[in-house]
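Novice: One structure, pasted below without further comment.
The values are calculated or read from the model by the stated rules, or taken from the named source; none is laboratory data. Because the structure is predicted, anything quoted here is derived from the model rather than measured. Methodologically, a virtual Cβ is constructed for each residue, glycine included, from the backbone with ideal geometry; neighbour enumeration extends over all protein chains shown. SASA here: full protein model, heavy atoms, side chains in, ligands and nucleic acids out. Shrake-Rupley method; radii C 1.70, N 1.55, O 1.52, S 1.80 Å.
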Amino acid sequence: MKKRSLLRILESCVFLLLLWVVMVMVSGLLERKNSRNLLGGFLEEPQLYDVLFFGDSQLMNAMIPLEMWEAYGIAGYNLSSYGNSPPLSYWMMINAFDYAQPELVVIAVTGMNDTHKISRFSSDLHMATDFWPLTVNKARMLDDLLDDPEDPDFKDAEGSLYRELKGEFLFPLGKYHSRWHELTKDDFSRRRSYVKGGETLVGVYPIWDYELVDEENYAEEIGYSYAYLRRSIEECQRRGIDVLLIHLPNPQIINSQRHANTARSIADEYGIDFIDATSLDSIVDYAVDCYDPDPHLNLSGTQKMTDYLGSYLRDRYHLPDRRGDPDYAHWYRQLDTYKDEKIRVLAEQEDIHNALMLLHDKDFDVSLALFPPSPVYQDDCAFVLIQNIAREHVLAGEEYAKWSNMMFPLSGLDEAICEEKPYYLNREGGAVTEYTGERAEQAALEAFGTRGKSTLLIRAVDRRDGSVAAQLQF
């Protein structure tokens, strides 16, 4: 009798275990993959990261860790995501510490005036949390974030009470069980972020006018955000981890600049570094480096911020150079995949502004020919975008003013635009050559052959092997 009872108990345990495995597999299949694809790569090799980045979509779109590693050897992962608030960034950090022991944590000080712990879009919280395995810290995170003592009836944009949604965040199958009809082949494959978090955007939204506030213009330190920012700093310092706070380029919102000034005073209080990328307004050019008015940076702006931040981290912190480390050899293959994707995106462009923006990229050598009556001759944004092709990155923002000559390095372009002459540009490595008038026409003929009715010709060459990456005509 006892043997039968033990056998039944054993069978029940095996059944429950198999049922759990099946539910986990089905849940993983049905859930939307953006969380795992963008952030889940962190869990595959967390021991390799010396720097972790936490913030919202502005930081998510402001730096690409794989590019920073290529240029400076700094191994990092960008765990930023859409709508992440300082409380959510704190809990992302706590969960990350279950797997990684970074030497430095970089925290974006955006959303400091938020009145709630999380955004009104529950999809943002799913994006940030779905990829984390179910652990004690994940449960603690959801317990805290979904409980708002100041507003216990806080609802998401769809009208659901957040405090009643804990189950779907702990067990995403409850959220995604009806996705069977939406499944595609991509749901059956793993497509982790090979750029180590972060996201690049293709688009140009010119911002011509903005105002920078005085550093002494502070915002009041109230609400959840400041409390959780302090908790983040104190947790890192307790663990012996360096902390850097950063205010990303955001000149349109005066209140954001005021809150950044308050965050700077907190950094001073704790003896940690602070970067105000908004006040360093020669790092990015808001006329060509923004994707939207918020602003999120496009790929040109992302590369500039990544380069600036990489140089800052190299000079200020004792971070190892991981480029020669055999544990990181596979990152070169991922780098090639990333560069192949940039080629694909450039080759498919049908928008002049987007194509010109993508040419600000050290991975391409560029030839460009411009002929009247191209609309570029009357397009201020296109003029600056062509200048941007030849610009060097600014790694010390205080060395010169925003409107210095380095911001407009192509003197021949100015002449050609003013007099509506043909123009030719070649950028190969760090060398730039430009011609106007008849010499430009001759150089264009040698480079492109006949042009037909096209008034703008572009060729991008892959610097890895000298092959033509893209050839565009407008």
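Novice: Scanning the range 195-236 for residues that are β-branched (Val, Ile, Thr) and farther than 17 Å from Phe54 by Cβ, which turns out surrounded by the fewest Cβ atoms within 10 Å (Cβ to Cβ)? Steps first, answer last, please.
Specialist: As a first pass, look at the range 195-236 and keep what is β-branched (Val, Ile, Thr): 195, 200, 202, 204, 207, 213, 222, 233.
Narrowing the set further to residues that are farther than 17 Å from Phe54 by Cβ leaves 200, 202, 204, 207, 213, 222.
Numbers: Thr200: 22, Val202: 19, Val204: 25, Ile207: 17, Val213: 17, Ile222: 12.
By that ranking, first place goes to Ile222.
Novice: Could you tell me which residue of the range 350-371 is surrounded by the most Cβ atoms within 10 Å (Cβ to Cβ), considering only residues that are over 21 Å from the mean Cα position of the chain (by Cα) and assigned to a loop (DSSP other than H, G, I, E, B)?
Specialist: The residue in question is Phe371.
Novice: Check whether at least one residue in the range 417-425 is in contact (Cβ under 8 Å) with a residue 60 or more places away in the chain, open to solvent by 60 Å² or more (accessible area, probe 1.4 Å) and hydrophobic (A, V, I, L, M, F, W, C), and report yes or no.
Specialist: Applying the first criterion (in contact (Cβ under 8 Å) with a residue 60 or more places away in the chain) to the range 417-425 yields none.
Looking through the range 417-425, none of the residues is in contact (Cβ under 8 Å) with a residue 60 or more places away in the chain, open to solvent by 60 Å² or more (accessible area, probe 1.4 Å) and hydrophobic (A, V, I, L, M, F, W, C).
Novice: Continuing with this model, one more query. Being within 19 Å of Leu201 (Cα to Cα) and touching a strand residue (DSSP E or B) at 6+ places or on another chain (Cβ under 6 Å): is that true of Ala369 here?
Specialist: Numbers: within 19 Å of Leu201 (Cα to Cα): no; touching a strand residue (DSSP E or B) at 6+ places or on another chain (Cβ under 6 Å): yes.
So Ala369 does not fit the description; no.
Novice: Yes or no: the range 71-91 includes at least one residue that is over 14 Å from the mean Cα position of the chain (by Cα) and closer than 15 Å to Thr302 by Cα. Working first, answer last.
Specialist: Just the residues of the range 71-91 that are over 14 Å from the mean Cα position of the chain (by Cα), to begin with: 71-75, 85-91.
After this cut, where a residue has to be closer than 15 Å to Thr302 by Cα as well, the list is 71.
The answer is yes; a qualifying residue exists.
Novice: Now for a different question. List every residue pair whose Cβ atoms lie under 9 Å apart, where the two residues are 6 or more positions apart in sequence or sit on different chains, the first residue falls within the range 45-59 and is part of a strand (DSSP E or B), and the second residue, located anywhere, is at pLDDT 95 or above and among the polar types (S, T, N, Q).
Specialist: Every condition considered, the pairs that remain are Leu52/Asn78; Phe53/Asn78; Phe53/Ser80; Phe54/Asn78; Phe54/Ser80; Phe54/Asn84; Phe54/Ser89; Phe54/Ser232.
Novice: Considering only residues of the range 247-295 that are open to solvent by 10 Å² or more (accessible area, probe 1.4 Å) and assigned to a strand (DSSP E or B), which is nearest to Asn388 (Cα to Cα)?
Specialist: Of everything passing the filter in the range 247-295, Asp276 is nearest to Asn388 (Cα to Cα).
Novice: Checking Ser374 against (1) in contact with a Pro (Cβ under 8 Å, 6 or more places away or on another chain); (2) under 16 Å from Ile458 (Cα atoms): exactly one of these is not met. Which one?
Specialist: The number of the failed condition is (1).
Novice: Now for a separate question. Output the number of residues of the range 108-128 satisfying the condition of being more than 15 Å from Ser57 (Cβ to Cβ) and either buried (at least 23 other Cβ atoms within 10 Å of the Cβ) or within 19 Å of the chain's Cα centre (by Cα) (or both).
Specialist: Taking the range 108-128 as the starting set, the residues that turn out to be more than 15 Å from Ser57 (Cβ to Cβ) are 112-113, 115-117, 122.
Then drop every residue that is not either buried (at least 23 other Cβ atoms within 10 Å of the Cβ) or within 19 Å of the chain's Cα centre (by Cα) (or both), which leaves 112, 117.
Selection size over the range 108-128: 2.
Novice: Give the range 64-116 a look and list any residue that's over 24 Å from Ile266 (Cα atoms), among the aliphatic types (A, V, I, L, M) and part of a loop (DSSP other than H, G, I, E, B), or say none.
Specialist: Ile64, Ile74, Ala75, Ala100
Novice: Something else now. In the range 136-166, which residues are closer than 21 Å to Tyr90 by Cβ, more than 29 Å from the chain's Cα centre (by Cα) and exposed (fewer than 11 other Cβ atoms within 10 Å of the Cβ)?
Specialist: Correct list: Pro149, Glu150, Pro152.
Novice: Given the conditions (1) touching a Ser or Thr at 6+ places or on another chain (Cβ under 9 Å); (2) open to solvent by 10 Å² or more (accessible area, probe 1.4 Å); (3) modelled with pLDDT under 95, which single one is not true for Ser35?
Specialist: In the conditions (1) touching a Ser or Thr at 6+ places or on another chain (Cβ under 9 Å); (2) open to solvent by 10 Å² or more (accessible area, probe 1.4 Å); (3) modelled with pLDDT under 95, Ser35 misses (2) alone.
Novice: Something else about it: Could you please tell me which pairs satisfy a Cβ distance under 8 Å, a separation of 6+ or placement on different chains, a first residue in the range 372-397 that is assigned to a helix (DSSP H, G or I) and modelled with pLDDT of 95 or more, and a second residue that is surrounded by fewer than 19 Cβ atoms within 10 Å (Cβ to Cβ) and among the acidic types (Asp, Glu)?
Specialist: Qualifying pairs under 8 Å: Tyr377/Glu420.
Novice: Can you name the residue in the range 426-445 that is outside any strand (DSSP E or B) and surrounded by fewer than 20 Cβ atoms within 10 Å (Cβ to Cβ) and is also modelled with the lowest pLDDT among such residues? Walk me through how you get there before you give the answer.
Specialist: Taking the range 426-445 as the starting set, the residues that turn out to be outside any strand (DSSP E or B) are 429-430, 437-445.
Restricting the remaining residues to those that are surrounded by fewer than 20 Cβ atoms within 10 Å (Cβ to Cβ) gives 429-430, 437-439, 441-442, 445.
Working: Gly429: 91, Gly430: 86, Gly437: 97, Glu438: 96, Arg439: 97, Glu441: 96, Gln442: 96, Leu445: 95.
The selected residue is Gly430.
Novice: Here is a further query. Considering only the range 227-244, I want to know if a residue exists there that is under 26 Å from the mean Cα position of the chain (by Cα), among the aromatic types (Phe, Trp, Tyr), at pLDDT 95 or above and more than 29 Å from Glu44 (Cα to Cα).
Specialist: No, that holds for no residue.
Novice: Could I ask something else about it? Out of the range 455-474, which residues are out of contact with any helix residue (DSSP H, G or I) (no Cβ under 9 Å at 6 or more places or on another chain) and either acidic (Asp, Glu) or within 12 Å of Leu368 (Cα to Cα) (or both)?
Specialist: Of everything in the range 455-474, those that are out of contact with any helix residue (DSSP H, G or I) (no Cβ under 9 Å at 6 or more places or on another chain) and either acidic (Asp, Glu) or within 12 Å of Leu368 (Cα to Cα) (or both) turn out to be Val461, Asp465.
Novice: Also, quick follow-up: Which of the residues belonging to the range 60-84 are open to solvent by less than 10 Å² (accessible area, probe 1.4 Å) and either among the acidic types (Asp, Glu) or free of Cβ contacts under 8 Å to residues at least 60 places away in the same chain (or both)? Steps first, please.
Specialist: Just the residues of the range 60-84 that are open to solvent by less than 10 Å² (accessible area, probe 1.4 Å), to begin with: 60-66, 68-69, 73-81, 84.
The answer is Ser81, Asn84.
Novice: Mind listing whichever residues of the range 312-333 are assigned to a helix (DSSP H, G or I), within 26 Å of Gly240 (Cβ to Cβ) and open to solvent by 50 Å² or more (accessible area, probe 1.4 Å)? Please lay out each step first, then the result.
Specialist: Initial filter on the range 312-333 (assigned to a helix (DSSP H, G or I)): 312-316, 326-328, 330-333.
Filter once more, so that each one left must be within 26 Å of Gly240 (Cβ to Cβ): 312-316, 327-328.
Across the range 312-333, the qualifying residues are Arg314, Asp315, Arg316, Asp327.
Novice: Additional query: Among the residues of the range 300-311, is there at least one that is more than 30 Å from Glu150 (Cβ to Cβ), in contact (Cβ under 8 Å) with a residue 40 or more places away in the chain, open to solvent by less than 50 Å² (accessible area, probe 1.4 Å) and among the hydrophobic types (A, V, I, L, M, F, W, C)? Steps first, answer last, please.
Specialist: So the first thing to find is which residues in the range 300-311 are more than 30 Å from Glu150 (Cβ to Cβ), and the list is 300-311.
Okay, now just the ones that are also in contact (Cβ under 8 Å) with a residue 40 or more places away in the chain, so 300-311.
Now drop any that are not open to solvent by less than 50 Å² (accessible area, probe 1.4 Å), which leaves 300-311.
Filter again for among the hydrophobic types (A, V, I, L, M, F, W, C), leaving 305, 309.
The answer is yes; a qualifying residue exists.
Novice: Next up: As an exercise: evaluate Leu456 against (1) open to solvent by 70 Å² or more (accessible area, probe 1.4 Å); (2) under 20 Å from Ala382 (Cα atoms); (3) over 29 Å from the mean Cα position of the chain (by Cα) and give the number of the one condition it does not meet.
Specialist: All conditions pass for Leu456, except number (1).
Novice: Shifting gears a bit: Looking for something crowded, with 17+ Cβ neighbours inside 10 Å, in contact with a strand residue (DSSP E or B) (Cβ under 9 Å, 6 or more places away or on another chain), closer than 19 Å to Arg231 by Cα and of a type in the set (S, T, N, Q) - is there at least one such residue anywhere in the range 85-93?
Specialist: Yes: one or more hits.
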